[in-house]
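For reference, the structure is listed below as structure tokens.
The values are calculated or read from the model by the stated rules, or taken from the named source; none is laboratory data. Small disclaimer: the values here were computed from a predicted structure and weren't measured. Ideal geometry is used to build each Cβ from the backbone, glycine not excepted, and the neighbour counts take in all protein chains shown.
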Amino acid sequence: MTTPLRDLIRRVRECKTAAEERAVVAKESAHLRDSFKKEDVANRHRNIAKLMYLHMLGYPTHFGQMECLKLIARPSFAEKRIGYLGLMALLDEKQEILMLVTNSIQQDLKGKNQYTMGLALCALGNICSAEMARDLVVDVKKLMKSSMIYLKKKSAICAVRLVQKAPELLLDFKDEALALLDERSHGVLLGAVTLALELCKLDPVEAVGWFRAKVHNLIKMLKHLTTSGSGSADHNVRGVPDPFLQVQILHLLRLLGKGSPEISDVMSDVLAQVASNTDASKNAGCAVLYECAKTIIEIESTGGLKVLAVNILGKFLGHRDNNMKYVALDTLIKVVTIDPKAVQRHKNVIVQCVQDADISIRMRALELACALVNENNVEVFMEVLLQFMEDSEVAFKPKLVEKICELVEGFAQSPQWHVDTMVELLEKGGAYMQDRSARSFLVMISSTESIQGYAVRKLYRALFDNLDQSSTNLLTVALWCVGEFGGKLLSGEGQLADEIPLKVTESEVISLVEQVMKQGSQSDEVMEYSLTSLVKLSERFSSNEARIQGTISKYKKSSLLELQQRACEFDRLFKHGRIRSQLLETMPSLLSGDGEEASQGDAPANPAPAGGDLLGDDILGLDLGGGDAAPSPVDALTDLLGEAAVSPTSAPSGQQGGADLMDMLGGGGPVPAGAGQASDPLSDLLGGGSGASPPPSPTFPPAVVYDKNGVSIQFSFAKESNQVIITAAYQNSSPAPVTDFVLQAAVPKYLQLKMEPATGNQLGPLGSGAVQQIMRVVNSLEGQKAIMMRLKITYACNGGQVSEMVEVKNFPQGL
């Protein structure tokens, strides 16, 4: 005989170890199996109760699922109640056994006992599948027209589950949903408004039109609830009249007023009344105020009403409850794009939230604070953020540093302020800075000649002051600038305001770079930058050339292959003084002609004039005068490339090196006789070819890269110069709308990807409301490696969140 449920609970609680608990559960499970085999009808409902307790503890209970169905089929209400409870606890919609219970639920829905019918509606609303929804929709609709309030409210909530599982049933509940909004019972109204919300989400166009006819009814209900002293005390929560119903009505009004100035104007008065009369000292009142503020913000309300909503959210920022702070910050992030001036009034409280103890609040407050930054207040905000960064915890610093870099790049008032702020950031948080932010800073310095002297002195001092604890980013940025603009250190250009007017010497600069290299903890990247900086300085500081060459020579036997290779190449370069000055001159601006960042290297490439002779005077700046002391260009190039052998038979005298270089650039081979004027391969490469019109741009077929759950993504391709333009079209063919659609893309290092903002994040049902997004890709290894991309797609549909990862490799040939 099995033990009573109360005794089983006591025995489990008395267990000292997990092994004891498993032994008790195993013994009881054996008793339950034995009882089920013997068809112990009298104790079946007690056994199911114990089975649910074991399920709550996490033990397998599949052996008793059929007993729930047997209890549901019993005539007794007590047995049906335990049976339905066990059905909802032990099974879900994926269980095949659920098909067997459909008939029992249908019989109970047609019964005469309202409480039995309520049990069936409750079970159907919890575990209904799409097949069950289609089979039982007629019975649920009949109960929605019942004269009993108990059945009306339960059937309305059950209908929500039915349309979620089978969206095609939306039209079946139109009339019943509209009729229930005329009821006076709070329970029925709550169920009716919840059903109306679900229908509007499934069909934002047609269903919203149905319920706009009931806006006056909804406003009347809301006024009745907010009027002082009205409403049943049974529904009050700490003095707030039925906050659950108020919140749902406000949510529905938000959907109905969005995009309709006429409807929004009708509900303006009641929204102002709710905002003014609700007690904000209670959590229930705060919930109503928050929903009211969201409704005011999203509908077509007046400016004064929006200010009222922002003030409500501003008060939440000072609330003791962190949940209230978080939802207020989250909503203000959306408001700041609509009315930034209204949010600016609360900037002091927002800055205080950036220093909150809760990291989730800090992250939201940081995002909002950055959204408030403009050209007028960027310096004030930056002082606060830089000060806060020193005291913030390690986990928060990467995000904070990233935001500061974005603000400096977007709102810098002057190049000098830009340099000052970025150098301070490199000193305080360089270890948390992303590489792309450091590169962007170098691009700014490279392209702004007037600030280069000031920047190199600022970075030189930062490197000197923080040598023992410098981050990799500070070291690499400072070393790059010292190598490129080290000559400006000696000239005194860009003197710092607080700097003692003493001239920096060549020896001091070289000693500092050598000291960086002697630090045993430096990364390989820093050592590589140091060698490159030294070889650059050998051209600027000619009097210390021997010293620099000696330092570089020490690394010719380095165990690190990259350092060894650089040291050997740089050491070889010292033997070719005539071309070294050309190779080591200051790099041109790192911005290309169209404003995009050019590829970076350690030595500049000096382009020859278009259409020049292949080995003319301008190639690598070589002087081809008739003096005997001048080495031939072929010898110079041969030595530079490692004394490679030059074949004497492939070209006439005086053009031998040109033939080899032509082969290296892919333009080798003799010119056929009678071909007319031959095109110069290097001239063509540099854009100086013949005046013939370019060939027409090739066309590429579109590709569907994702198609699932009715959501599809199609890529269309175009090519401009070395840039591939991808137009991504997002479409939803399912009957349910898709919201919060976001596509993220990642590419390998040899590709550069720039994504423009999408035209929206909502995909309408049945192909309506398509969204487009432009991506621009540059392939640095074009012809060697193909374009590939990894996509992360996230969206919400039918109340569920979808997240997918897709790899795209089938790009058309020729991109």
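The table below lists the values:
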| read-out | value |
| --- | --- |
| In the range 412-467, the residues that are of a type in the set (D, E, K, R) and closer than 18 Å to VAL401 by Cα | ASP420, GLU424, GLU427, LYS428, ASP435, ARG436, ARG439 |
| All helices (runs of 4 or more DSSP H) inside the range 442-552 with 3 or more residues being of a type in the set (Phe, Trp, Tyr) and at negative phi | 452-465 |
| Unique match (being touching a residue at least 24 places away in the same chain (Cβ under 8 Å), in contact with an Asp or Glu (Cβ under 7 Å, 6 or more places away or on another chain) and of a type in the set (Ser, Thr, Tyr)) among TYR750, TYR795 | TYR795 |
| Spans of strands (runs of 3 or more DSSP E) in the range 727-804 with at least 1 residues closer than 13 Å to ILE713 by Cβ | 738-746, 771-779, 789-797 |
| Count of the range 428-438 residues which are charged (D, E, K, R) and surrounded by fewer than 17 Cβ atoms within 10 Å (Cβ to Cβ) | 2 |
| Test: residue in the range 346-355 that is in contact (Cβ under 8 Å) with a residue 40 or more places away in the chain and buried (at least 18 other Cβ atoms within 10 Å of the Cβ) | no |
| Candidate set from the range 557-588 (those that are among the hydroxyl-bearing types (Ser, Thr, Tyr) and either over 22 Å from GLY487 (Cα atoms) or surrounded by 14 or more Cβ atoms within 10 Å (Cβ to Cβ) (or both)); member that is modelled with the lowest pLDDT | THR586 |
| Of all residues in the range 27-76 being part of a helix (DSSP H, G or I), of a type in the set (Gly, Ala, Ser) and surrounded by fewer than 18 Cβ atoms within 10 Å (Cβ to Cβ), the one that is farthest from the chain's Cα centre (by Cα) | ALA30 |
| Any chance CYS405 is out of contact with any strand residue (DSSP E or B) (no Cβ under 9 Å at 6 or more places or on another chain), assigned to a helix (DSSP H, G or I), closer than 21 Å to LYS334 by Cα and of a type outside the set (S, T, N, Q) | no |
| Residues satisfying the stated conditions in the range 415-438, i.e. of a type in the set (D, E, K, R) and touching a Leu at 6+ places or on another chain (Cβ under 8 Å) | GLU424, GLU427, LYS428 |
| Any hit, the range 218-232, residues being touching a Phe, Trp or Tyr at 6+ places or on another chain (Cβ under 9 Å) and crowded, with 20+ Cβ neighbours inside 10 Å | yes |
| Subset tally (residues that are surrounded by fewer than 22 Cβ atoms within 10 Å (Cβ to Cβ), assigned to a helix (DSSP H, G or I) and under 38 Å from the mean Cα position of the chain (by Cα)) for the range 128-150 | 2 |
| Of the criteria (1) touching a strand residue (DSSP E or B) at 6+ places or on another chain (Cβ under 8 Å); (2) not in a helix (DSSP H, G or I), which one GLY285 fails | (2) |
| Test: residue in the range 776-787 that is surrounded by 15 or more Cβ atoms within 10 Å (Cβ to Cβ), in contact (Cβ under 8 Å) with a residue 24 or more places away in the chain and touching an Asp or Glu at 6+ places or on another chain (Cβ under 9 Å) | yes |
| Filter pass, VAL509 being surrounded by 13 or more Cβ atoms within 10 Å (Cβ to Cβ), modelled with pLDDT of 85 or more, within 16 Å of LEU459 (Cα to Cα) and touching a Gly at 6+ places or on another chain (Cβ under 8 Å) | yes |
| Only one of GLU262, GLU300, GLU291 that is crowded, with 17+ Cβ neighbours inside 10 Å and of a type in the set (D, E, K, R) | GLU291 |
| Pairs, first within 15 Å of LYS165 (Cβ to Cβ) and outside any loop (DSSP other than H, G, I, E, B) in the range 91-118, second at pLDDT 90 or above and of a type outside the set (A, V, I, L, M, F, W, C), C-beta under 6 Å, six or more apart | THR102/ASP135 |
| Exclusive hit being assigned to a helix (DSSP H, G or I), of a type in the set (Gly, Ala, Ser) and under 27 Å from PHE244 (Cα atoms), set ALA369, ALA293, ALA342, ALA365 | ALA293 |
| Residue that is surrounded by the most Cβ atoms within 10 Å (Cβ to Cβ) [pool: residues in the range 788-815 that are of a type outside the set (A, V, I, L, M) and under 19 Å from PHE700 (Cβ atoms)] | PHE811 |
| Residue under evaluation ASP40, criteria (1) over 24 Å from GLY118 (Cα atoms); (2) at pLDDT 85 or above, criterion not met | (2) |
| Criterion (of a type in the set (Lys, Arg), more than 35 Å from the chain's Cα centre (by Cα) and not in a loop (DSSP other than H, G, I, E, B)) met by exactly one of LYS201, LYS153 | LYS153 |
| Qualifying residue in the range 384-394 (condition: among the hydroxyl-bearing types (Ser, Thr, Tyr) and either closer than 25 Å to GLU484 by Cβ or assigned to a helix (DSSP H, G or I) (or both)) | no |
| Among the residues listed as GLY769, GLY760, GLY764, the single one being free of Cβ contacts under 8 Å to residues at least 40 places away in the same chain and crowded, with 17+ Cβ neighbours inside 10 Å | GLY769 |
| Matching entry among VAL401, VAL443, VAL482, VAL408 (being buried (at least 22 other Cβ atoms within 10 Å of the Cβ), modelled with pLDDT of 90 or more and over 30 Å from ALA357 (Cα atoms)) | VAL482 |
